[in-house]
Amino acid sequence: MIATEVLLVVALPKTDLRIWGVTVGVVAITALVLGRQLVAFTDNDRLLTSLDRSLADLHEQKEWFRSLVQHASDVTLVVGPGDIISYASPAAARIFGGDEPVGLQLATYVHPDDLLLFQELTAILAATPGTDAAAQVRLLHADATYRWLDLVGADLTGNPSVRGVVFNARDVTEARELQDQLRHEATHDSLTGLANRALLAEHLAAAGTTQVSVLVADLDGFKQINDAHGHHTGDELLIAVAHRLRTGLGSTGLAVRLGGDEFALLLPGAGPQEASNLAADISLALLAPIEIDGTPALRIGASIGIATGPANNPDRLLREADAAMYRVKHDRAAI
């Protein structure tokens, strides 16, 4: 283009000023167009370079996030319509074991005792899209055991890139087992495994105004056996008595060691007659000889007192049952 313009200028007549004016204008416009093109080329090159850098950064970020997801200890699940798992992060293998959960219903992995809680969680999420809700539930592992999970969910069904409920889960099995162990130690007698006073108080508080019967049993002759055969034999005797109390009570109530050689039985909903029948059965069961290694067969009896009334006055129930037990013991001593 520059060569053409130069030839045009050389070929022009020397005297026609109008033609020269037009020529100067054409040259000026051509120079502007060329300058604009050069600027556009420079801008394009800069934009392409910036785009390449951005794509490289985006790829690096994707690789970074992918690495985080693949090596994260927390599990990410995306659950679509019908409670079907559409995505599970690599960490899910540690929770579900060898099973591939994608394509299956999440609820089928939930422990039956936690299913209602899980359904309540999903209902809350569906009612308030975009907000978080949490629950602690057990999910089935491939080895047929259950893992405790802290489950935090958010309903992102309206997000076209997700179209599902996102659950983030953390395995808290070991922490839960430790918590359960500590609670068991705090609410149970370490020697016999029976409930202690604290757990008895919890059960009475939970019963509210429901009628209950409380039996308080004190072993007859335990001190003499303990003194004659030693504390080890005494401990074994208490363990055997606790087993017989638990067996005689079955699953209808709560067997408690109050301390020393004193025990209690809680019978929710039981009246005086039912409590009296159980006391008679327990007395007979305890009279049977108890075999302990290294000692002759031992026999132990028990004085049992009974109190019946609403559970919302536990102190009165225990006090009345204790007083009734001492009356029985006194009557036996008088004979």
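All of the numbers you see were taken from the coordinates with simple rules; none came from a lab. Bear in mind the structure is a predicted one, so any value in this text is a computation, not a measurement. Neighbour counts are summed over all protein chains in view; Cβ atoms, including those assigned to glycine, are modelled from backbone coordinates with ideal geometry.
In table form, for the structure just shown:
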{"quantity": "Segment 108-175: trypsin sites (Lys or Arg not before Pro) in DSSP loop, at most 14 other beta carbons within 10 Å", "calculated": "Arg163"}
{"quantity": "Cα long-axis angle, helix 231-249 against the chain (0 to 90 degrees, to the nearest 10)", "calculated": "80"}
{"quantity": "For segment 234-313, the spread of Cα positions along each principal axis, largest first, Å", "calculated": "45, 22, 22"}
{"quantity": "Label of the coordinate-derived value, P(r) over Cα pairs in 10 Å bins from 0, in percent, listed as (i) 5, 20, 25, 23, 16, 7, 3, 1, 0; (ii) 5, 16, 15, 12, 12, 11, 7, 5, 4, 3, 3, 3, 3, 2, 0, 0; (iii) 6, 28, 34, 21, 9, 2, 0", "calculated": "(ii)"}
{"quantity": "In Hz, Karplus ³J(HN,Hα) per residue of segment 285-291 (6.51, -1.76, 1.60; θ = phi - 60°; x = Gly, Pro)", "calculated": "5, 6, 6, 5, x, 10, 8"}
{"quantity": "Nearest 10 degrees, 0 to 90: helix 197-207 Cα axis against the chain principal axis", "calculated": "70"}
{"quantity": "Part-to-part distance (alpha-carbon centres) for segment 273-320 and segment 225-253, which is given in Å", "calculated": "11"}
{"quantity": "Charge dipole (the chain, unit charges on Cβ, about Cα centre) - positive-most of Asn226, Gln136, Thr49", "calculated": "Thr49"}
{"quantity": "Percent RCO, i.e. relative contact order, over the chain, from Cα pairs under 8 Å lying at least 6 residues apart", "calculated": "12"}
{"quantity": "Average Cα contact separation per residue, segment 150-244, under 8 Å, 6 or more apart, as relative contact order %", "calculated": "16"}
{"quantity": "Estimated 222 nm signal from helices in the chain, with DSSP H stretches of n ≥ 4 weighted -39500 (n - 2.57), rounded to 500", "calculated": "-17500 deg cm²/dmol"}
{"quantity": "Relative contact order (%) - criterion: Cα under 8 Å, at least six apart; region: segment 256-335", "calculated": "20"}
{"quantity": "Degrees between helix 17-71 axis and first principal axis of the chain (Cα, 0 to 90, nearest 10)", "calculated": "20"}
{"quantity": "Gaussian network model of the chain, Cα within-10 Å springs - most flexible of Asp220, Asp261, Asp43", "calculated": "Asp43"}
